[in-house]
């Protein structure tokens, strides 16, 4: 039972993509007051200035009582050389834009009461329309009327958003550091177990391994991946119910993981547990205080999980703790199991990202649909969808690291933009095995773990590079699995330890010398 929450959470650890936005800013002024609002536009259709100073100012004409599906009743003298606001609906955007252009309008702003995504048209319609076209929230236009009245000067501009954002570097750093620390911790736990085995279990205080997730046979691996597939499909069909189950499990699992991480740090710092006697039993004051802190952090995240502006810090903290504890907990017996498991996970990733859109009714990936939530339609693919009015935030699965895009830090009129890294891109099962193998062969330089970390870095760099070039989310395991499996296999072959690396070992007594623990392993020079 102790393993069940880990399997459930892991089965919904998914990949998400960085969002490439098509958003602009509407600057409104009446000479005394200035205010800015969110616009959504199509950069393939409309060219906007990159800065406010370069943008042309237009008087604004309020035709929000009209749909502008025909020019009847609209005098060209009223709109000539001005920006025009009309309501969405009745006809397509290109028809509205052509009519506004024929009337002499300089720009067209469509007020929308529906969620906004970049307006589209076919290539021939793009060529016919020469004036700027953008959508704004109708509620924003009403606010502008209250602030400015009918006398408004507007400028439309779209600050350049670089394709590469520094938040990607932060995500990469989080991933590499978590992988390295998690692998190192797994190896340290293995050394403790072997030391306890040599000492006959006496002496020190032995920590329980009852919560470890052990995969020691191909059948277990197949069942494990099958359960992940089943859970993902269930999440797709019953998302609005199961998402709360996952959130509750995440709060519990992340609080436990944070306690485990902080407790290990205090042990490393030789901090006393400060035991006191209560009702005839010994209680660790340190553990009680740590438990209170960890539960508080998890509860605060659970209560404020939809507050985008700051809650991402707590989510990343809990996420790092969860991944570290999971990497410490997972136990695989040999490289053969790693190859089988990672190969199946690669197929799982590719199938649910690239293949499922071919037969789903809405043409969307099950993985993306579940990862971002069914109400996050505007965050999928290469465009965004901006809500027409404030609403209850949709629930998202807490299985990603999130860092705000630095290039858009001050441009959050349409909502905060994040770079995202799924936990599944960190919890790759090879790190714990490589770290434990380092212990089994007494590698003082932890060469296998180091090789895995370098391979992980290369795989993630390639993942981000492909994502930036294609502007599409990528299944990271497609790049991570080949890099890490081939890298570690080549290292084992180069060191003459491939047979032992493939077959693994059972626990044996740890020798304090450089002599290997595995039978038949030569002790080659360190690489």
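Brief remarks follow.
- Selection count, region 351-367, where residues are assigned to a helix (DSSP H, G or I), touching a helix residue (DSSP H, G or I) at 6+ places or on another chain (Cβ under 8 Å) and surrounded by fewer than 23 Cβ atoms within 10 Å (Cβ to Cβ): 2
- Evaluating residue 173 against the criteria (1) at pLDDT 90 or above; (2) buried (at least 17 other Cβ atoms within 10 Å of the Cβ); (3) part of a helix (DSSP H, G or I) leaves one unmet condition, (2).
- Of all residues in region 51-67, those satisfying the criterion of being under 41 Å from the mean Cα position of the chain (by Cα) and assigned to a loop (DSSP other than H, G, I, E, B) are 51, 52, 53, 54, 55, 56, 57, 64, 67.
- Boolean, residue 500 is buried (at least 18 other Cβ atoms within 10 Å of the Cβ), out of contact with any strand residue (DSSP E or B) (no Cβ under 8 Å at 6 or more places or on another chain), on the phi < 0 side of the Ramachandran plot and not in a helix (DSSP H, G or I): no
- For region 43-61, a residue qualifies if it is in contact with a strand residue (DSSP E or B) (Cβ under 8 Å, 6 or more places away or on another chain) and closer than 18 Å to residue 97 by Cβ, and the qualifying residues are 45, 46, 48, 56, 58, 60, 61.
- Being outside any helix (DSSP H, G or I), buried (at least 18 other Cβ atoms within 10 Å of the Cβ) and touching a strand residue (DSSP E or B) at 6+ places or on another chain (Cβ under 8 Å) is a condition met by at least one residue of region 308-330.
- Selected residue (only one of 259, 335 is under 24 Å from residue 459 (Cα atoms), touching a helix residue (DSSP H, G or I) at 6+ places or on another chain (Cβ under 7 Å) and crowded, with 17+ Cβ neighbours inside 10 Å): 335
Yes/no per residue for (1) assigned to a loop (DSSP other than H, G, I, E, B); (2) at pLDDT below 90; (3) in the same structural domain as residue 133 (by TED's automatic domain parsing):
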position: 45; (1), (2), (3): yes, yes, yes
position: 77; (1), (2), (3): no, yes, yes
position: 84; (1), (2), (3): no, no, yes
position: 94; (1), (2), (3): no, yes, yes
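- Only one of 244, 216 that is modelled with pLDDT of 90 or more and either surrounded by fewer than 12 Cβ atoms within 10 Å (Cβ to Cβ) or touching a strand residue (DSSP E or B) at 6+ places or on another chain (Cβ under 9 Å) (or both): 244
The values are calculated or read from the model by the stated rules, or taken from the named source; none is laboratory data. These numbers come from a predicted model, not from an experiment. Virtual Cβ from ideal backbone geometry, glycine too; neighbours counted across all protein chains shown.
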